[in-house]
1. What are the residue pairs meeting all of these: first residue in the range 78-96, first residue of a type in the set (S, T, N, Q), second residue part of a loop (DSSP other than H, G, I, E, B), Cβ atoms under 8 Å, and 6 or more apart or on different chains?
2. Hey, among the residues in the range 226-282 that are among the basic types (Lys, Arg) and either within 18 Å of Ile32 (Cα to Cα) or outside the structural domain of Asp43 (by TED's automatic domain parsing) (or both), which one's farthest from the chain's Cα centre (by Cα)?
3. What's the number of the only condition in (1) assigned to a strand (DSSP E or B); (2) out of contact with any strand residue (DSSP E or B) (no Cβ under 6 Å at 6 or more places or on another chain) that Arg282 fails to meet?
4. When residues of the range 103-155 are filtered for being hydrophobic (A, V, I, L, M, F, W, C) and in a helix (DSSP H, G or I), how many remain?
5. Could you check the range 177-216 and list, in sequence order, the residues that are modelled with pLDDT of 95 or more and of a type in the set (Ser, Thr, Tyr)?
6. Name the residue that is surrounded by the most Cβ atoms within 10 Å (Cβ to Cβ), counting only residues in the range 41-64 that are out of contact with any Ser or Thr (no Cβ under 6 Å at 6 or more places or on another chain) and modelled with pLDDT under 95.
Amino acid sequence: MRYPANILLAGAALLLLIGRAAAAWPEKPVTIIVPAAPGGGADASARILAEKMAPVLGQPVVADNRSGAGGIVGSQMLARAAPDGYTLIMGNIGPNAINYSMYKKLPYKPSDFTPITLVLSNALVLVVNAGSPYKTAGDLVAALKKEPSRHSFGSSGIGQSPHLAAEMFKQRVGAEAIHIPYKGAGPSVVDLLGGQFTFMIGTLPGSMSNIQAGKLRALAVTSAQRVAELPDIPTMGEAGIKDMVVVGWFGLFAPAGTPPDVIRKIYEVSAAILIDPEVVARFKLLGGAPGKYTPPEFAEFVNAERERWRQVVETIGLTAAQ
């Protein structure tokens, strides 16, 4: 098919304009939406990345907490944002994988997002208040089975990995406990410190400082191997809880339609930051490791996570209304 000259010229002009825009990016501050409250893994990873990106880009990079509805509030904001590279999101396993199978209706879909790179991955950790009588995972399981109506667990929100991991934990050990969802890891940790519920399976970045300070007691980690920062804490398997390997993750996304050159530049800057020894050390203190995925690799990873958690949600029979 032959196109009229005016259409060809218009197309060439548009490509030139996009190319110039990408070359000039960024010309103003960049915002990284954090779809959770301050204090959790999404918040920590976004703030570390923003801090390091700003001097490289020559523009302020701001982490903006927009918590609510298991990450849906912040994710919807990104889906509606202009695809110009100035609004990004620190996505995670909840809104970008679990929610698609758990909610019958969502105000966004996978195609609304352009995956850029995996930023941080980490094990989850089963924790109780340091003043709790439970010294091991076995102690906790015995208490849950003995008096299920007395016990509850907190999470960073419905459909987030701590919620689904705790539901999986209940299923694996054959026990019950009431779920108390919060608008992020930070508020849930505060209430666990205050003794408002029995236990939580939280992210290591959101729990590590309080474990190290002796305010929370770690009973088991969800990784296949022990975590170097908590060498004395058993894995779930070592604690007698089989088939309980869960890894949380946080990654950078842009709105669909963001120019490829802008995506490439964000990825390249992020990739350089994620191998910075200082950043690697800071992530290690949080109990996590930096990611190394290119945009296509990260897209493939996210697709696989969506399918993996669909199977878990269907097995558990978990649904939520939006």
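The values are calculated or read from the model by the stated rules, or taken from the named source; none is laboratory data. Please read these numbers as outputs of a predicted model, since none were measured by experiment. Positions of Cβ are backbone-derived with ideal geometry, glycine not excepted, and every protein chain shown enters the neighbour counts.
1. Note: pairs meeting the criteria are Thr87/Ala81; Asn92/Pro35; Asn92/Ala36; Asn92/Gln160.
2. Lys242
3. (1)
4. Of the residues in the range 103-155, 6 are hydrophobic (A, V, I, L, M, F, W, C) and in a helix (DSSP H, G or I).
5. Result: Thr198, single match.
6. Ala42
Residue-by-condition table, conditions (1) out of contact with any helix residue (DSSP H, G or I) (no Cβ under 8 Å at 6 or more places or on another chain); (2) under 25 Å from Ile263 (Cβ atoms); (3) touching a residue at least 60 places away in the same chain (Cβ under 8 Å):
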residue	(1), (2), (3)
Ser121	yes, yes, yes
Ala130	yes, no, yes
Pro133	no, no, no
Glu147	yes, no, no
Gln160	no, no, yes
